[in-house]
Amino acid sequence: MQETTSTEGLGVTERLMPDAAGLDRAAALLREGQLVAFPTETVYGLGGDASNAAAVAGIYAAKGRPDFNPLIVHVPDLAAARALAVMTPLAERLAAAFWPGPLTLVMPRRADAPLAAGVTAGLPTVAIRCPAAPVAQALLRHAGVPVAAPSANPSGQLSPTTAAHVLAGLNGRIAAVLDGGPTPVGLESTILGVAADGVQLLRTGTITAEQIAALSIEVQAPTAGGITAPGQLASHYAPRARLRLRAGWPLPGEAWLGFGPDPEDQAQPRANLSLDGDLAEAAANLFACLHELDAALPAGGVIAVAPVPEVGIGAAINDRLRRAAAPRS
Ligand code: TXA
Ligand code: MG
C-alpha cells in the first residue's frame with residue numbers, strides 16, 4: 001500500500017493495490033462511510049455506501065456535482081438488485097442477457113430499499129448496475145453494502161480510465177483509490193429506462209440499441225415528461241481544450257486525434273484512437289487520449305478529431321465527443 005499526499009491539504013488519498021490487503025482496506029473504508037474510487041470495466045467509479053446519507057452527501061461534495069443529478073447504485077448480483085428495485089419481467093430479461101456487464105437499468109425504487117434519499121435525488125426510480133470487472137465484483141462482495149458510484153471525476157470533466165486520472169481530479173478529496181490498471185471498455189455504461197412495454201435509451205454505451213433490439217425488446221425514444229437522465233447535459237466530459245470534430249486533417253497549431261490511418265502532415269501533440277479503425281479499441285482509448293492531449297496543449301488549445309463512423313459503439317463514442325465539444329455552461 002502506497003500513500004499519496006494531497007497537495008491541497010484536504011486529506012490524504014491512499015493508493016491501494018487490488019490484492020487481499022487492499023480490498024480489505026477499501027471495503028472497511030466504505031463500511032465506515034468513507035469514499036473509495038475503484039475500477040469497473042467501463043470507467044473508475046467514486047464509491048460510497050449508498051445506505052449512508054453522509055457518505056452520499058460526500059460523493060456530491062467531492063465531485064462538485066449538482067444535487068439534482070442522481071447516482072448509480074452498484075451491486076454484485078441480481079439478488080442485491082432485487083432488494084433495491086422493482087424488477088419487471090422485462091428488466092429480468094435484460095439483466096439475464098447483460099449482467100454482470102456495462103449496462104445500467106433505471107427502475108422503480110422499492111419502498112423498503114435501504115438507500116439514502118440523496119442517491120436518487122428525489123426521483124421514484126433508481127439506477128442499478130452490476131459490473132463485471134473482477135476488482136469491482138470483489139469489492140462489492142467484500143463491502144456488503146450497495147455502493148453508489150458516479151464516474152470518479154470532478155463534475156463535468158473527463159471520465160477517468162486510470163487511477164492516475166482519478167488522482168489528477170480528486171486527490172485529497174477521497175479516502176482511497178483502488179488501482180486496478182486501465183479500464184477495458186473505456187466508456188460509461190449504457191443506461192436504459194425500463195418502461196412497461198419497452199426501454200428508453202437514456203445514455204448510449206458499448207451495449208448498443210441494436211443488441212437490445214436483437215432480443216425483440218422495443219427501444220423507444222425518451223419522451224418528454226417520461227424517464228430522463230438528468231446528468232445528460234449538453235456540455236459534459238469536457239477537456240480544457242476545445243474540440244473540432246469530423247476533421248480531415250489538423251490546422252496549424254492544432255493537436256490531432258486520429259481514427260484509422262493518420263494524415264501525412266501530422267500535428268504535435270497527437271494520438272490515435274485506433275490505427276486499425278477498431279471501434280472497441282477506440283472506445284477503450286477515448287478518455288485516455290483526451291486526458292493526454294489536454295495535458296499537452298496550452299490553455300485554449302484545439303484538438304482536431306478525425307471522423308468516427310456512427311455505427312455500433314461508434315454512436316456512443318460520437319455522443320461523448322459531441323458533449324466534450326459542446327459550449328461550456
Ligand atoms: O459506467 C458507469 O455507468 C459509471 C461506472 C462508475 O459505473 N458510472 C457513471 O456514473 O457513469 P455517472 O454518475 O457519471 O452517470 C450516471 C448517470 C447520470 O447521467 C444520471 O443522471 C443517471 O445516470 N441516473 C442516475 N440515476 C438515475 C435515475 N433514477 N433516473 C434517470 N437517470 C439516472
Ligand atoms: Mg460521469
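What follows is calculated from the coordinates using simple rules that are stated; it is not laboratory data. From a predicted model like this one, the values you see are computed outputs, not experimental measurements. Quick reminder, even Gly has a Cβ in these numbers, built from the backbone with ideal geometry, and neighbours come from all protein chains shown.
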Verdict on LEU215 being near ligand 1 (Cβ under 9 Å from one of its atoms), touching a residue at least 40 places away in the same chain (Cβ under 8 Å) and either under 19 Å from ARG82 (Cβ atoms) or part of a loop (DSSP other than H, G, I, E, B) (or both): no
Could you please let me know if ALA27 is over 20 Å from the mean Cα position of the chain (by Cα), of a type outside the set (Ser, Thr, Tyr) and surrounded by 14 or more Cβ atoms within 10 Å (Cβ to Cβ)? yes
I'd like the full set of residues that are away from ligand 1 (no atom under 13 Å from the Cβ) and either among the hydroxyl-bearing types (Ser, Thr, Tyr) or within 25 Å of ALA214 (Cβ to Cβ) (or both), limited to the range 89-138. PRO89, LEU90, ALA91, GLU92, ARG93, LEU94, ALA95, ALA96, ALA97
Just for the range 176-189: of the residues that are small (Gly, Ala, Ser) and crowded, with 22+ Cβ neighbours inside 10 Å, which one is nearest to ligand 2 (Cβ to nearest atom)? SER189
Looking at this structure, is ALA54 more than 15 Å from ligand 2 (Cβ to nearest atom) and surrounded by fewer than 21 Cβ atoms within 10 Å (Cβ to Cβ)? yes
Considering ALA324, ALA267, which residue is touching a Phe, Trp or Tyr at 6+ places or on another chain (Cβ under 7 Å) and crowded, with 22+ Cβ neighbours inside 10 Å? ALA324
Selection from the range 88-118 of residues in contact (Cβ under 8 Å) with a residue 60 or more places away in the chain and farther than 22 Å from GLU41 by Cβ yields THR88, LEU90, PRO114, LEU115, ALA116, ALA117, GLY118
Does the range 290-307 hold any residues that are out of contact with any His (no Cβ under 9 Å at 6 or more places or on another chain), assigned to a helix (DSSP H, G or I) and either in contact (Cβ under 8 Å) with a residue 60 or more places away in the chain or farther than 17 Å from GLN157 by Cα (or both), and which are they? LEU290, ASP294
Only one of these is of a type in the set (S, T, N, Q) and surrounded by 21 or more Cβ atoms within 10 Å (Cβ to Cβ): THR120, THR125. Name it. THR120
When you look at GLU281, is it charged (D, E, K, R), outside any loop (DSSP other than H, G, I, E, B) and farther than 30 Å from GLY122 by Cα, yes or no? yes
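One line per residue, one yes/no per condition, for (1) out of contact with any Pro (no Cβ under 6 Å at 6 or more places or on another chain); (2) surrounded by 22 or more Cβ atoms within 10 Å (Cβ to Cβ); (3) closer than 21 Å to THR120 by Cβ:
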{"position": "GLU32", "(1), (2), (3)": "yes, no, no"}
{"position": "LEU35", "(1), (2), (3)": "yes, yes, yes"}
{"position": "ILE59", "(1), (2), (3)": "yes, yes, yes"}
{"position": "ARG65", "(1), (2), (3)": "yes, no, yes"}
{"position": "PHE68", "(1), (2), (3)": "no, no, yes"}
{"position": "ARG82", "(1), (2), (3)": "yes, no, yes"}
{"position": "PRO89", "(1), (2), (3)": "yes, no, no"}
{"position": "TRP99", "(1), (2), (3)": "yes, no, yes"}
{"position": "LEU105", "(1), (2), (3)": "yes, yes, yes"}
